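Some notes on the structure that comes next.
The values are calculated or read from the model by the stated rules, or taken from the named source; none is laboratory data. Keep in mind that this is a model prediction, so the values were computed, not measured. All Cβ positions, glycine included, derive from the backbone under ideal geometry; neighbour counts span all protein chains shown.
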Amino acid sequence: MAELTLRRGGVEDSEAVADVHLAARREAAMPTGVHPDDDVRQWLRGRIEGGDEVWVAETGDGVVGYARLTPGWLDDLYVVPGHARSGVGSALLDLVKHRHADGFCLWVFEMNAPARAFYRRHGLVELEHTDGAANEERSPDLRMAWPGADPLAFFRTLVDDVDAQLADLLARRAALTRAIQPYKASPGRDPEREQEIAAAMAARAPALGRQRLARILHTIISESLDAAGDGPGG
Ligand SMILES: O=C(O)C(=O)C[C@]1(C(=O)O)C=C[C@@H](O)C=C1
């Protein structure tokens with residue numbers, strides 16, 4: 001490999017960074033971008049101006065790769081096709097691990113098998129998959145994580161984040177279970193309705209499966225009805 005230099009990138013690099021981004025995305029196993037190239041250039045420039053941390057990889061050919069970081073995240077890691085599989089991506093990723101020593105997450109498209117294999121080879125683990133409804137390309141993706149120097153502490157912070165959301169959802173759901181009861185002709189459980197709900201949940205969370213979700217739902221409803229009767233307890 002020709003000599004490779006990694007250095008901090010600035011706004012003056014934004015055109016070169018955008019060139020790398022657009023060239024790499026055209027060749028990668030990724031869905032077609034949904035924004036015109038000029039919009040991508042302007043957006044990247046804005047991100048760099050706004051303080052995202054950018055590192056560029058340079059050879060005699062100029063900027064051939066870059067990484068863009070935000071707190072806790074690796075947002076972009078792209079290498080131009082002509083320099084793929086030559087160590088540029090690995091060098092950038094090693095630098096990112098150094099900058100995010102406590103661990104970080106990233107999103108990768110499910111279809112991007114080469115990128116997933118690259119990250120797995122470098123010690124990242126695959127977390128949740130999504131159906132892509134939340135990304136602009138509407139393409140299934142997944143979160144990957146590098147758990148850093150203290151993996152237990154890192155994963156516990158992710159667990160705490162999700163549990164905070166889960167607690168809010170459980171409170172919302174329990175309030176609905178309570179609110180609906182006076183409107184029922186015959187009070188009590190409705191197994192058919194619970195099966196319908198479990199099936200709908202399984203369509204969103206296939207990794208858990210309908211039967212397991214039915215058991216989880218059963219417990220949630222039991223505890224919600226209990227809380228509606230007794231107020232907070234447990
Ligand atoms: O839909 C109902 O009939 C409800 O009482 C609500 C609810 C729920 O919380 O979703 C609770 C108990 C029933 O077994 C089924 C569903």
Notebook entry, point to check: So which of A174, A185 is outside the structural domain of F118 (by TED's automatic domain parsing) and surrounded by 12 or more Cβ atoms within 10 Å (Cβ to Cβ)?
Noted result: A174
Next item on the list: Output the number of residues of region 80-105 satisfying the condition of being in a strand (DSSP E or B) and of a type in the set (V, I, T).
Entry: 0
Notebook entry, point to check: Does region 86-118 hold any residues that are under 30 Å from A133 (Cα atoms) and free of Cβ contacts under 8 Å to residues at least 24 places away in the same chain, and which are they?
Noted result: A117
Next item on the list: From the list A175, A179, A153, A198, pick out the single residue that is away from the ligand (no atom under 16 Å from the Cβ) and of a type in the set (A, V, I, L, M).
Entry: A153
Item checked: Scan of region 119-137 for residues that are touching a residue at least 40 places away in the same chain (Cβ under 8 Å), surrounded by 12 or more Cβ atoms within 10 Å (Cβ to Cβ) and not in a strand (DSSP E or B), ordered by number -> D131, E137
Next item on the list: Could you tell me which of the residues A198, A202, A164, A214 is within 30 Å of F109 (Cα to Cα), outside the structural domain of H35 (by TED's automatic domain parsing) and in contact with a His (Cβ under 9 Å, 6 or more places away or on another chain)?
Entry: A198
Checklist line | Options V54, V40, V108: the member that is over 20 Å from E3 (Cβ atoms) and in a helix (DSSP H, G or I) | finding: V40
Margin query: Condition check: in contact with a helix residue (DSSP H, G or I) (Cβ under 8 Å, 6 or more places away or on another chain) and more than 10 Å from the ligand (Cβ to nearest atom). Does E223 satisfy that?
Written below: yes
Check: Is there a residue in region 85-101 that is within 15 Å of H122 (Cβ to Cβ), at pLDDT below 95 and more than 17 Å from the chain's Cα centre (by Cα)?
Finding: yes
Checklist line | Of all residues in region 204-219 being small (G, A, S) and touching a helix residue (DSSP H, G or I) at 6+ places or on another chain (Cβ under 9 Å), the one that is nearest to the ligand (Cβ to nearest atom) | finding: A214
Checklist line | Residue count for region 158-206, restricted to those that are within 25 Å of G132 (Cβ to Cβ) and outside any helix (DSSP H, G or I) | finding: 2
